[in-house]
Amino acid sequence: QVRLVESGGDLVQPGGSLRLSCVFSGNSFESYIMSWYRQTPGQERELVAGISRDDGAGTRYAESVKGRFTISRDNAKNTVDLQMNNVEPEDTAVYFCNAEIYDLGGRQYNYWGQGTQVTVSS
């Protein structure tokens, strides 16, 4: 059974920085594609950043955060982090950690954390 626990959400001023962390509990963390999503009231959950399985060599970002956010993973600690720099009020949202894996038959499994609130305001 996979469990994801996010932390690091806070109130931060525009232009500031914040680091979110997600701890993965379960087996074979390195086999999971890990991502961060965010959601605001009344809106659909949107992908913020993703990192490939194993060595995490592949990353992808939403256009709105490119150059400001960096996703990274530590397979030894079973964690995935999101470094948020130069934050903007539009980054205010609940941020969710996601773990994605496919079995040998190609079936997808998705797991979610409970979310952590990020508020960008002066």
Output the number of residues of the range 50-67 satisfying the condition of being touching a Phe, Trp or Tyr at 6+ places or on another chain (Cβ under 9 Å) and either small (Gly, Ala, Ser) or over 25 Å from residue 25 (Cα atoms) (or both). 3
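Okay, residues lined up against (1) open to solvent by 70 Å² or more (accessible area, probe 1.4 Å); (2) over 20 Å from residue 121 (Cβ atoms):
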position	(1), (2)
1	yes, yes
5	no, yes
31	no, yes
38	no, no
50	no, yes
58	no, yes
Members of the range 15-27 that are open to solvent by 60 Å² or more (accessible area, probe 1.4 Å) and not charged (D, E, K, R): 17, 23, 27
Quick count over the range 107-122, residues being assigned to a strand (DSSP E or B) and within 24 Å of residue 11 (Cα to Cα), is 6
Can you tell me which of (1) at positive phi; (2) free of Cβ contacts under 8 Å to residues at least 12 places away in the same chain is the one residue 66 doesn't meet? (1)
Could you please find all residues in the range 48-106 being assigned to a strand (DSSP E or B), over 21 Å from residue 13 (Cα atoms) and of a type outside the set (A, V, I, L, M)? 50, 59, 60, 61, 72, 73, 74, 79, 97, 98, 100, 102
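The values are calculated or read from the model by the stated rules, or taken from the named source; none is laboratory data. The structure presented is a predicted model; accordingly, all values stated were derived computationally and were not measured. For neighbour counting, all protein chains shown are included, and Cβ atoms are generated from backbone atoms with ideal geometry for every residue, glycine included. Remember, those area values only see protein heavy atoms, side chains included, never the ligands or the DNA or RNA. Shrake-Rupley method; radii C 1.70, N 1.55, O 1.52, S 1.80 Å.
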